[in-house]
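K.L.:
Encoded as structure tokens, here's the structure I'll be asking about.
The values are calculated or read from the model by the stated rules, or taken from the named source; none is laboratory data. Please read these numbers as outputs of a predicted model, since none were measured by experiment. As a convention, Cβ positions derive from the backbone with ideal geometry for all residues, glycine included, and neighbour counts pool all protein chains shown. Heavy atoms of the whole protein, side chains included, go into the accessibility calculation; ligands, DNA and RNA do not. Shrake-Rupley method; radii C 1.70, N 1.55, O 1.52, S 1.80 Å.
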Amino acid sequence: QVRLEESGGGSVQNGGSLRLSCAASGIIFSIGDMGWHRQGPGKQRELVAQVTSGGLTTYVDSVKGRFTISRDNARRTVYLEMNSLKPEDTAVYYCTANVKLVSIGSYRDFWGQGTQVTVSS
């Protein structure tokens, strides 16, 4: 029904930058909040950043000032610009989207498959 395709992960050194992208496709009436979660080795999954359909953003404290989330509603795409990366940012990053499939339906959460980000010291 809905597919979230992530791209942009990879390996960088401490202090480097990466940009993640996630495009939603399928039968979609509207998209509410979009975001990025991550799960590092031996850690619980956490919400990194979220953006509403109107552009309001929230961030976990550990990435404030370093990461920027944005979205292109026309392209149904959400981005995560990551600067000043640290080894503790190493994780699988998952895109999420709160999607309404039909006009009379309710919003449901969909997840991407994840993309690996590795930051070496």
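Here's the yes/no breakdown for (1) of a type in the set (Asp, Glu); (2) surrounded by 14 or more Cβ atoms within 10 Å (Cβ to Cβ); (3) under 14 Å from the mean Cα position of the chain (by Cα):
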| position | (1), (2), (3) |
| --- | --- |
| Ser21 | no, yes, yes |
| Asp33 | yes, yes, yes |
| Gly40 | no, yes, no |
| Val60 | no, yes, yes |
| Ile69 | no, yes, yes |
| Glu81 | yes, yes, yes |
| Glu88 | yes, no, no |
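K.L.:
Would you be able to tell me the number of residues in segment 64-82 that are within 24 Å of Ile28 (Cβ to Cβ) and part of a loop (DSSP other than H, G, I, E, B)?
P.N.:
4
K.L.:
Go through segment 1-15 and count every residue that is surrounded by 12 or more Cβ atoms within 10 Å (Cβ to Cβ), among the polar types (S, T, N, Q) and not in a loop (DSSP other than H, G, I, E, B).
P.N.:
Of the residues in segment 1-15, 2 are surrounded by 12 or more Cβ atoms within 10 Å (Cβ to Cβ), among the polar types (S, T, N, Q) and not in a loop (DSSP other than H, G, I, E, B).
K.L.:
Tell me which of these Gly54 doesn't satisfy, since it passes every other one: (1) open to solvent by 30 Å² or more (accessible area, probe 1.4 Å); (2) not in a loop (DSSP other than H, G, I, E, B).
P.N.:
Looking at each condition in turn, Gly54 falls short on (2).
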